[in-house]
Each structure stands twice: as C-alpha cells, then as structure tokens.
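Single-structure report; data block below.
The values are calculated or read from the model by the stated rules, or taken from the named source; none is laboratory data. All figures in this text were calculated on a predicted structure; none of them were measured in a lab. Cβ: placed from backbone, ideal geometry, glycine included. Neighbour counts: every protein chain shown. What goes into the accessible areas is simple: the full protein's heavy atoms, side chains included, and nothing from ligands, DNA or RNA. Shrake-Rupley method; radii C 1.70, N 1.55, O 1.52, S 1.80 Å.
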Amino acid sequence: MEDNLIKDIESQLDDINDIERVLVLSDLHIPFHKEEDIISIIKKHSNVSTIIFAGDILDCFSVSTFPKEMHIPLHEELKTASAFLRRIDRLTPNTKKIIFRGNHEFRFKRYLAKFQSEFSPLVSDDVLEIIKNGFTYRNYLNNKRTVEPLSDNYEVIDSWYYIYKDLVLAHPTNFSKIPMRTSVSTYDYFKNQGVDFNAIAIGHTHKAGTLIHGGTLLCELGCLCKQMDYANNGNVNYTPQTNGYGLFVFHKDKVDIYNSGTKFLYTGSDVDGETP
C-alpha cells in the first residue's frame, strides 16, 4: 500500500517537473537469463516510460563457433525469448520497449552468411526481427508450431547502438579487462563521429561501473545472465561477471547525470563513480 502511494506521488511529480525514467537491460543471454531477477527489476521500476534492451538479449548458442557439450535448438531459444518478452509486456502494457542487437545476435547474421543457400533470401538475417514478427517451425514429430508475434510495444533496431535523446546506448564488440576502459573507447568513437550526447551506456563487458569523463556520464551495465561456464576456461585474465542494469533519469529531455547510472542487481545501490 505504501509502495503504491509513493509511486503515485512520484508519477505526479514527474508530470509537474517533466521527469522521465528509462530502464536499460543488457546481456540477458536467453536461455541463460536470470528470469526472476529481471522480473523483480522491472516490477521495482514500474514507473519508467521506456525499457531498452541493449544487445545480447539472445545467446544464439547453437550457431556459435566454440565447442559445445550440449545442444540447444535455435527455435527453442527463440521460443523461450518470445515467451519471456511477452511476459515482460504483460507486466508493462503501457511501456515502450526498444531492442537492438549485440555480438551474440550477430552470430545469426554470420551463420547465414557462412552457409548461404537458395533459402537464405527467404529468411531474415535479423534474429530479433524474427521474434518480433513471430514464426512457424516444425517439431521433432514434424508438426507445425507457431510462435505469436510480439506486441507493437516492441521496436527492433537493426544496429549495435541506439541513441535515446542525449543518451547513447551501445553494444561494442571490443573488450578491455581494464575497468571502464571499453566505455571510454566507446565515448571516443561517438565523439569522433560527431555525435552530441551527455551520457553513454554500454553492454558486452559483463562488468558494471559508472564514472564522469569529460563532463559526460559513462556506464558499463553489467549483465543479467547466469555465469557462463565456457567463459572461464583457463584464461587467467578472466574475471567474474557483475550483474547489473541501468536506470536513467531525464529532466526536460536531458539526462540528469548525477541521478542516473548503473545499478547493482542485488543491492540496487548506485555504483560509485570516479573522475579521472
């Protein structure tokens, strides 16, 4: 009861002060996602206007190039992803949702390009678009099964980045073991491209952090998946992943860099920032 009252008050204040909140989730790696933790995050931040999925929503496990000890059919992964995204939509029926690809979704593009056939032009190379539009497959008994499309609340962006107002969201393919180094490199990339922004948040690194760099808020979003066993395979440079997400507050369409940033999954607290 008290929580609902607080949310009602916040909503009224937002209308008065032109405040908007945006939730950013990255690196779910479905079907290895932390489903109930993600649902808890969404319920906790039910007052956001938009949810943005910043790449690696899927793992695309079966079309990866590394050796595997198990098999997860691609259509099963897509079914799981579709069901989960529809579950989120039921919880947030009035919330817009943006999805763009990461390097794991790009696995699907690379797979189709490698195994070109007469059927390739008939299949979208955007695996997120396939989920959005719905699809039909045959199961092991050769029976047709149909997965329904996602609602119009979802928009799929066929790109490794998305710009929301003055916030750049990206899923770069490079990675540095130095904390926050990848976010600084991404900052440099977009500055060199002439993009004007006040904040940048990236996925891919599975590390979480926030800092102010050149007056700009930089965030690494962490991840929302289980520990990937194949990542810790004897490489002594490996460091454990951090579960986290991003929450961004806009005032009159500008990011409030002092009230936005990366959140740890379990504490919900702000990640400490530092000024270089």
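The set of residues in the stretch 159-185 being open to solvent by 80 Å² or more (accessible area, probe 1.4 Å) and either touching a Ser or Thr at 6+ places or on another chain (Cβ under 7 Å) or in a loop (DSSP other than H, G, I, E, B) (or both) consists of Lys165, Thr173, Phe175, Lys177, Ile178, Pro179.
Hey, any hits in the stretch 163-175 for a residue that's of a type in the set (A, V, I, L, M) and at pLDDT below 95? It would help to see each step written out before you state the result.
Kept after step one, since they are of a type in the set (A, V, I, L, M), are these residues of the stretch 163-175: 163, 167-170.
The next check asks that each one be at pLDDT below 95; those that pass are none.
No: zero hits.
Among the residues of the stretch 118-130, is there at least one that is within 23 Å of Glu220 (Cβ to Cβ) and either open to solvent by less than 40 Å² (accessible area, probe 1.4 Å) or touching a residue at least 60 places away in the same chain (Cβ under 8 Å) (or both)? Taking every residue of the stretch 118-130 in turn, at least one turns out to be within 23 Å of Glu220 (Cβ to Cβ) and either open to solvent by less than 40 Å² (accessible area, probe 1.4 Å) or touching a residue at least 60 places away in the same chain (Cβ under 8 Å) (or both). Scanning the stretch 39-58 for residues that are touching a residue at least 60 places away in the same chain (Cβ under 8 Å) and surrounded by 22 or more Cβ atoms within 10 Å (Cβ to Cβ) yields a count of 6. If you go through the stretch 101-138 and keep only what is within 17 Å of the chain's Cα centre (by Cα) and of a type in the set (D, E, K, R), you end up with Arg101, Glu105, Arg107, Asp126, Glu129, Lys132.
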